[in-house]
1. Using the number of other C-beta atoms within 10 angstrom as an exposure proxy, rank Tyr275, Tyr382 with the fewest first.
2. Which ³J(HN,Hα) values, rounded to whole Hz and listed in residue order, are derived for region 300-315 from phi using the Karplus coefficients 6.51, -1.76 and 1.60 in 6.51 cos²θ - 1.76 cosθ + 1.60 with θ = phi - 60°, glycine and proline given as x?
3. Just want to confirm a number: the relative contact order over region 10-434, from Cα pairs under 8 angstrom separated by 6+ residues, in percent.
4. Whole-Hz Karplus ³J(HN,Hα) for region 422-427, in order, using 6.51 cos²θ - 1.76 cosθ + 1.60 and θ = phi - 60°, x for Gly and Pro?
5. What is the mean projected area of the alpha carbon convex hull for region 152-262, to one decimal in square nanometres?
6. Treat every Asp and Glu Cβ in region 268-394 as -1 and every Lys and Arg Cβ as +1, leave all other atoms uncharged, and give the resulting dipole magnitude about the Cα centre to the nearest 20 debye.
7. When Ser60, Ser356 are ordered from fewest to most other Cβ atoms inside 10 Å of their Cβ, what list results?
8. Let me know the shape class of region 10-434, please: from the alpha-carbon gyration tensor, a ≥ b ≥ c as square roots of the eigenvalues, rounded when a/c is under 1.5, otherwise prolate if a/b is greater than b/c, or oblate.
Amino acid sequence: MTKFSWSRLMSFTMLISVLTLAACGNGDPSDEESTDDSDAETEENVDEDADENTDTSAESEPKVTEFEPAFPEQTRAPEVETEAELDVEVVAEGLDVSWGMEEFDTNRLLVTQRDSAELLIINLEDGSVSDPIEGTPEVNNEGQGGLLDVTIAPDFDESRLVFMTFAQDLEDGTVTAVGKGVLSEDEASLEDFEVIFQAEPAYDGDLHYGGRIIFDDEDNLFLTTGERSDDPIRERAQDLDAYLGKVIHITQDGEAVDTNPFIEDEDALDGIYSYGHRNIQGVDFHPETGELWVVEFGPQAGDELNIIEPGSNYGWPIVSYGIEYTGELINDGISEHEAQGFVEPVYYWDPTSAPSGMSFYDNDAIPEWENDLFIGGLAPNYIVRVVIEDDFIVGEERLLTEEGERFRDILVTEDGALIAITDGGSIYKIAAAGEGTEEDDVDTDDDDAE
Ligand SMILES: [Ca+2]
């Protein structure tokens, strides 16, 4: 399954991923995961040395030493390890960059193919892959564009509505767009596909589309967007008259939800829910608190986990715990968020975890994982498990570190398996080992009863 001895090459992983990306020549030299190469040479000794110091963090040496966390649990949580034995299986492989997925039927997934803009059905039980579903939208697939996320309507069993996000060409550039269509009974086509929302303004660039969508419990959609990366367009993350660098809250028809925080503000766009974000690549609701959590891709280091509060400003690109890829400070080089009037991240990574799609574990199958958060890592290549107590991060684990895959999205099935899809086109299934081997408790004391 693994073609290379990635464990031996761990220290070169980042360098290799840079070279691999360059060699692939996918026309995406500025794919930011690959631009974090300015200090590739200093990566080499890091992993071997990790055991020698007293730092119990799952991370290697920090890259950015200029900043202090706002509170002790904000970064470098202690490393934890899953005790349960796990089975790891590659259910399917050889696909395109697989960006988003949804379990629309027990053990059957809708999976988007970013570059080819195909929507496929993957059967987790037999590994079968369907023909591309007809009727998907035309996309701009340059750079980080393409067909992005997919989800289904809460009433999918009746409506058969499928929602997708994608990079769309407009006259002045591209936007993150949301559309919906009806999956035909034979599952061969999406019918009546229509675009319901465009995160304007359009911009002539191919980076930072955000693009995750999730339904809330009132059957409305949260959409995340990116700030389109370049200076100065990224400053629009701070502007309430632009949908760039935002969490957006819309109905299934693409209208602003009428309880949104800026609905009364004539100068602000009604769909905005929160702002000051960089490039949110993962989103899920905490199973216990119901809070909306997001993970956003930082610059060099400074990837953030945030809990979204309506109307709040998360600070990008004014403050950050990371630095520019060039090594320069961002803006005035200020990391503190709260002191500047912004929401502090619950957690940040240094060095980067290159976080992508994420999912809370809300299932009984692996009890020790209950309410833990799993995040796909692109470079370094692993799945991050985050253990949370009272909204503080108290532990971190790295899973599948030796696979050498860029993990793009994570999902927990109804059966409690963790599914991960990758840029290399593989579908991983991680489940508790030895299904059905639980021994019945034998209450021997009963025999002694008199
Ligand atoms: Ca921030």
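1. Working: Tyr275 29, Tyr382 26.
Ascending Cβ contact count within 10 Å gives the list Tyr382, Tyr275.
2. 7, 6, x, 5, 10, 9, 10, 9, 8, 10, x, x, 8, 10, 9, x
3. Details: 1151 pairs, mean separation 65.8, N = 425.
Relative contact order here is 15 percent.
4. So the J values, rounded to whole Hz, are 10, 5, x, x, 10, 10.
5. Details: hull surface 30.0 nm².
The directionally averaged projection comes out at 7.5 nm².
6. Values: 2 positive and 23 negative charges, 105 e Å.
Dipole magnitude for region 268-394 comes out near 500 debye.
7. Values: Ser60 19, Ser356 26.
The fewest-first ordering by Cβ neighbours comes to Ser60, Ser356.
8. Numbers: a/c = 1.39, a/b = 1.11, b/c = 1.25.
Rounded.
Bear in mind these aren't lab numbers, they're just calculated from the coordinates by the rules spelled out. It should be emphasised that the depicted structure is a prediction, and the values quoted were computed from it without experimental measurement. All Cβ positions, even for glycine, are placed from backbone atoms using ideal geometry, and neighbour counts span all protein chains on display.
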